[in-house]
Amino acid sequence: MTHKRSHRKFRSLYIWHRYIGIAAALFVLILSITGIMLNHTGALKLDSSYVESDWLLDWYGIKAPENIKRYAINEHAVTQIGEQLYWNNKAVSGEYPALSGLLTFPRFSAIAVQGEIILITNQGEIIERLSGVQGVPSGLKRIGIQDNGTIVIESAHGYYLTDQDFLDWKESEHISNTVWSVESPLTATQLKQAVALFRNNELPMERVMLDLHSGRLLGSWGPVIMDIAAIMLVFLSVSGLTLWIRQVMRRRQRLLKKHHHTNTQENT
Amino acid sequence: MHRMPFQYLVLICALIISSVANARGIYQEPEQFLNETFNGNVPKPGVIWITSNIRPVVKRILGHKPSALRIRYWKQEGKIAWILEEIGKDKPITTGIVINKGKIERVKVLVFRESRGWEIRHHFFTRQFIDATLKPDHELDRSIDGISGATLSVRAIRKLSRLALYLSNTLTQQQ
C-alpha cells in the first residue's frame with residue numbers, strides 16, 4: 001500500500017517535471033542567449049550599435065524632440081535635435097546649446113552654438129571647441145562672414161571679428177558687408193529623416209538585451225514573469241535531482257535483490 | 001550624556017550642504033589664470049595640431065581618442081600655459097597648467113563641474129605636481145598621492161599634467 005502511494009507520488013512529480021520543463025524551455029532559451037550576449041557586450045558591440053526598429057523604438061516611447069534646427073551651405077548641413085548635433089547626418093560627440101549658425105570653408109566648417117564655436121572637418125572630426133576659455137566673446141547670437149573672409153560674430157556685448165584661424169578676437173563696428181548665416185527650414189522629407197536619425201541613435205542594443213534578460217521589456221509584469229521562470233528552474237533542479245536519486249536507489253535495490261537471490265540459489 | 005541641540009544639528013547640516021554646493025563651479029576664470037601666469041601681458045595663442053606622429057602618445061596618455069584635432073597654448077619666454085579639459089566621472093574638469101623649461105610650474109583647477117572629487121582644487125593636492133617632469137615612458141617622474149573619494153578627478157589631473165608636459169616637450173622639439 002505504502003509502496004503504491006510512493007509510486008503515485010513520484011509519478012506525479014515526474015509529470016510536473018515534464019510539463020514545467022516544457023513551459024520553462026522558452027525562458028531558458030531567452031535567459032541563456034541574452035546572458036551569453038551580455039557577457040560579450042564589447043566583442044558584439046552591443047553598447048555601440050543601436051536599434052532601428054520602429055515598433056521597438058515606439059515600445060520604448062522614444063520620440064525626437066520638437067525643436068529641430070538646420071543650417072545648410074552647399075553640400076554641408078548641420079542639424080540640431082534637442083541637444084544633439086548632426087554634421088551631414090553623423091552625430092557630433094557631446095551636447096550643445098542652441099544652434100545659431102554655420103560657415104563653411106574649403107577644408108573645414110564653423111558651427112556656432114550659443115556661447116561656443118565648433119570647428120569641424122568635412123568628415124565630421126572636431127578640430128577645436130571654442131568657448132570663453134579660447135576667447136570667444138560671451139552671449140554669441142549669430143555668425144557671419146565678410147567679403148574679405150573675416151568672420152564676424154554678434155555677441156551680447158557687440159560685434160567681434162576674427163580670421164579663419166579663430167585665434168584672436170577684436171571688437172568692431174564695421175559689419176556693414178557681412179553675410180549672416182541663416183537657418184534653412186526643413187522640408188517634410190528632411191524632417192522625417194532628422195527624426196529617424198535621432199531615434200536610430202537613442203536605444204543601444206545592450207539596453208534591449210538587459211531588459212529582455214530581466215523581463216523589463218514587458219513592462220512592470222516582466223520581472224514577475226521572469227521571477228516565475230526562475231522559480232520554475234529551481235523546481236526543475238530539485239525535482240530532477242529527486243527523480244534521479246530515486247532511480248539510482250531503485251536500481252541499487254534491484255541489484256541487491258538479484259545478488260541476494262543468486263546467493264540463496266547457490267547455497268541451496 | 002549631553003544632547004546636541006537641534007539648532008546645532010541644522011547649522012552643521014547647512015554648512016555641509018553649502019560646502020558641497022560651493023564645491024562645483026568656477027574657481028578662477030581662464031582669462032584671470034592667463035593674466036596671473038603672464039603678469040598681465042598675455043601673449044597671442046598658438047595651436048598644436050594632434051598629427052598622426054603624436055596622436056598615439058596623446059591617446060595613450062588620455063586613455064581615449066583626443067576629443068579635438070588641435071590644442072591651444074600661450075607661450076612666452078620658455079613658459080607655456082595650457083588650458084585643458086578632461087572628464088573626471090561625467091563632466092569635464094577645466095585645468096590650467098603652466099610648464100616652464102620642461103617642468104610643471106603650476107597646476108590650477110579652473111572649472112569643476114562634477115558632483116564629487118572637488119578636493120583636487122586645493123593647494124595641498126596641486127603642489128605635488130610642482131617641478132614634476134615627464135619620464136621617457138610618458139609617466140610623471142614622481143608618484144602623486146590620491147584623495148579618497150576623488151579617484152577619478154585625481155586621475156584626470158594626472159593625465160592632463162602628463163599631456164601638458166608631453167605637448168610642451170613636443171613644441172620645444174619642433175621649434
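The values are calculated or read from the model by the stated rules, or taken from the named source; none is laboratory data. In this text the structure is predicted, and so the values were computed from the model without any measurement. Note: ideal-geometry Cβ built from the backbone for every residue, glycine included; neighbour counts use all protein chains shown.
Evaluating residue B:141 against the criteria (1) over 29 Å from residue A:168 (Cβ atoms); (2) surrounded by 14 or more Cβ atoms within 10 Å (Cβ to Cβ) leaves one unmet condition, (2). Considering the stretch B:43-53, and only residues there that are under 20 Å from residue B:138 (Cα atoms) and part of a strand (DSSP E or B), the residue that is farthest from the other protein chains (Cβ to nearest Cβ) turns out to be B:48. In the stretch A:247-256 there is no residue matching the filter, namely being touching a residue at least 12 places away in the same chain (Cβ under 8 Å) and not β-branched (Val, Ile, Thr). On the stretch given as the stretch A:46-83, residues that are in contact (Cβ under 8 Å) with a residue 40 or more places away in the chain, at positive phi and surrounded by fewer than 13 Cβ atoms within 10 Å (Cβ to Cβ) total 0.
Can you tell which of A:183, A:173 is exposed (fewer than 10 other Cβ atoms within 10 Å of the Cβ), more than 30 Å from residue A:59 (Cβ to Cβ) and more than 14 Å from every other protein chain (Cβ to nearest Cβ)? Before the answer, list the steps.
Details: A:183 fails: exposed (fewer than 10 other Cβ atoms within 10 Å of the Cβ).
Just one listed residue meets the conditions, A:173.
Assigned by TED's automatic domain parsing to the domain that holds residue A:181, buried (at least 19 other Cβ atoms within 10 Å of the Cβ) and over 25 Å from residue B:50 (Cβ atoms) - does that describe any residue in the stretch A:104-116? No, every residue in the stretch A:104-116 fails to be assigned by TED's automatic domain parsing to the domain that holds residue A:181, buried (at least 19 other Cβ atoms within 10 Å of the Cβ) and over 25 Å from residue B:50 (Cβ atoms).
In the stretch A:54-109, of all residues being of a type in the set (Ser, Thr, Tyr) and modelled with pLDDT of 90 or more, the one that is nearest to residue A:191 (Cα to Cα) corresponds to A:79.
Among the residues of the stretch A:112-125 satisfying the criterion of being assigned to a strand (DSSP E or B) and in contact (Cβ under 8 Å) with a residue 40 or more places away in the chain, which is nearest to the other protein chains (Cβ to nearest Cβ)?
My answer is A:119.
Looking across A:12, A:32, one residue alone is part of a helix (DSSP H, G or I), farther than 30 Å from residue A:207 by Cβ, small (Gly, Ala, Ser) and in the same structural domain as residue A:240 (by TED's automatic domain parsing). It is A:12.
Screening the stretch A:132-168 for residues that are within 14 Å of another protein chain (Cβ to nearest Cβ) and surrounded by 18 or more Cβ atoms within 10 Å (Cβ to Cβ) and picking the one that is farthest from residue A:93 (Cα to Cα) gives A:162.
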